1. Just to be sure before I move on: is LEU399 under 23 Å from ASP26 (Cβ atoms), touching a helix residue (DSSP H, G or I) at 6+ places or on another chain (Cβ under 9 Å) and either among the aliphatic types (A, V, I, L, M) or in a loop (DSSP other than H, G, I, E, B) (or both) in the structure I sent?
2. Does any residue in the range 309-322 that is under 20 Å from ILE294 (Cα atoms) and in a helix (DSSP H, G or I) come within less than 8 Å, Cβ to Cβ, of a residue that is modelled with pLDDT of 95 or more and among the β-branched types (Val, Ile, Thr) six or more places away or on a different chain, and which pairs are these?
3. Give the range 168-186 a look and list any residue that's in a loop (DSSP other than H, G, I, E, B), out of contact with any strand residue (DSSP E or B) (no Cβ under 6 Å at 6 or more places or on another chain) and either among the aliphatic types (A, V, I, L, M) or surrounded by 23 or more Cβ atoms within 10 Å (Cβ to Cβ) (or both), or say none.
4. Just need a number here: residues in the range 118-148 that are farther than 14 Å from TYR85 by Cβ and outside any helix (DSSP H, G or I).
5. Please enumerate the residues belonging to the range 373-416 that are crowded, with 16+ Cβ neighbours inside 10 Å, within 30 Å of SER239 (Cα to Cα) and of a type in the set (Gly, Ala, Ser).
6. For the range 87-104, check the following and say yes or no: at least one residue is of a type in the set (Val, Ile, Thr), under 15 Å from the mean Cα position of the chain (by Cα) and not assigned by TED's automatic domain parsing to the domain that holds ASP397.
7. With the structure loaded, tell me whether GLN325 is modelled with pLDDT under 95, of a type outside the set (D, E, K, R) and surrounded by fewer than 22 Cβ atoms within 10 Å (Cβ to Cβ) or whether it fails that test.
Amino acid sequence: MTTPAPLFARQDGAVLDFPQLTAAVDDGRERTGTEEDYIPMPPGTLLLTLPGRDVIAYEGGTRTVLPEVAREFVDAVAVALPLGYTRTLLPAFERRPDAPSLPLYGYAAAAWDGAQIVVAAKHTDALESWSARSHDAAAVRAGIAARTSEFGAGALLRQLIRCATEYGCYTAQSMFLRIGEAAIPVSPACNARCIGCISEQEPDAGIASAQERVHALPIVREMEDLAVAHLDGGGSMISFGQGCEGEPLLAAPRIAAAVEAIRKRTTAGIIHCNTNASSPRALARIIDAGVRSIRVSLNSARPDVYSAYYRPRGYDFGDVLASLQTASDAGVAISLNLLTHPGITDAEPEMSAFGEMLHKFPIEMVQTRTLNVDPETYFAAVGRPQRATVGMRAWFDWLAAEFPGVRIGNFTRGFG
């Protein structure tokens, strides 16, 4: 491999490289990229142009900004990684004054190694039920026809059809395929205002939501019927708290009623909830009803960094910790949905706080998620690191060495 060269995008969309220069990367602080920072670009990677953002590169150790090539403005380039990969470095760029806000993608650094595009990423998981092979478009269409014939076109099923087709959501598709984890979206409301929320951005955010949130609570009987058919029909899990809804704990009475009804009809599979863990009382209610697995989302184990991103309403980080204790006391399987971001996740103060959390609670799995947000927006909210970080690759090594009993991956398993 040669020294990784920076990529740039012309206005016609063509992506080229500067072979005589060295690519720059951002790990909270800008630096040159090295061969060890990259892996070959995996199948399914999305190449992204960063409009209004100049390329940063190094030549003989000297930093240079490249706004033009052959008298034409060019833009920096990044990638969005496929499922099963976690970003390790951010793209380095310099924003022009007229640059628009970036859409909600997980921007990872990319470069050219002389033969191929390489990306700053780590392969962190693989699961057949989360593979493209298991979500064939023709099979999904056939499943939609079969489920519609079986249950009719109720509001919940219509939402799942939209998620499966328009948004390409695997957990929605799984409901029609009767494999793995299937979604039951419930809550139209949320008690957080996450900077990177994919279903409801604030009007002044300057970016569009990636998808539309559910509008109303589903009928308990429809939730029950779809869940029982999935669990008895070959699926392993049904889960509340998906991307097209708000916070499921705000709909705890409806979820509890559905879970109790489901468990009266079948003992098969796992009933799971993805949650911000904002209400220990509401969590206890759905656990008592039969939820035996939860995944708690957080971007940080430090209260100030957590609050700067989640912007909670009516709860704080202490409630999240209390909910983890509630789940632990009930013997519920706990995983963490960790929204990772180079420069924050791999900062030593964050690692110390996160390590304390893993020592205190019986966490079975840390699911690393590349945080989908404009890096500049995120750093503006939570702050850049004051000192050099250990790096995301070293962070993964630390997590595996310090907590060998905690599984690291991306996909919810059928534990619990």
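The values are calculated or read from the model by the stated rules, or taken from the named source; none is laboratory data. What you are looking at is a predicted structure, and each value in this text was computed from that prediction instead of being measured. With ideal geometry, Cβ positions are generated from the backbone for all residues, glycine too; neighbour counts draw on all protein chains shown.
1. Yes; evaluated as a whole, the condition is true for this residue.
2. Final answer for the pair search is VAL320/VAL296.
3. ILE179, GLY180, PRO185
4. Matching residues across the range 118-148 total 1.
5. GLY409, GLY416
6. Scanning the range 87-104 turns up at least one residue that is of a type in the set (Val, Ile, Thr), under 15 Å from the mean Cα position of the chain (by Cα) and not assigned by TED's automatic domain parsing to the domain that holds ASP397.
7. no
Table: residues versus (1) in contact with a Leu (Cβ under 6 Å, 6 or more places away or on another chain); (2) closer than 21 Å to LEU283 by Cβ; (3) of a type in the set (A, V, I, L, M).
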{"site": "PHE317", "(1), (2), (3)": "no, yes, no"}
{"site": "LEU321", "(1), (2), (3)": "no, yes, yes"}
{"site": "GLY331", "(1), (2), (3)": "no, yes, no"}
{"site": "ILE334", "(1), (2), (3)": "no, yes, yes"}
{"site": "LEU339", "(1), (2), (3)": "yes, yes, yes"}
{"site": "THR345", "(1), (2), (3)": "no, no, no"}
{"site": "LEU358", "(1), (2), (3)": "no, yes, yes"}
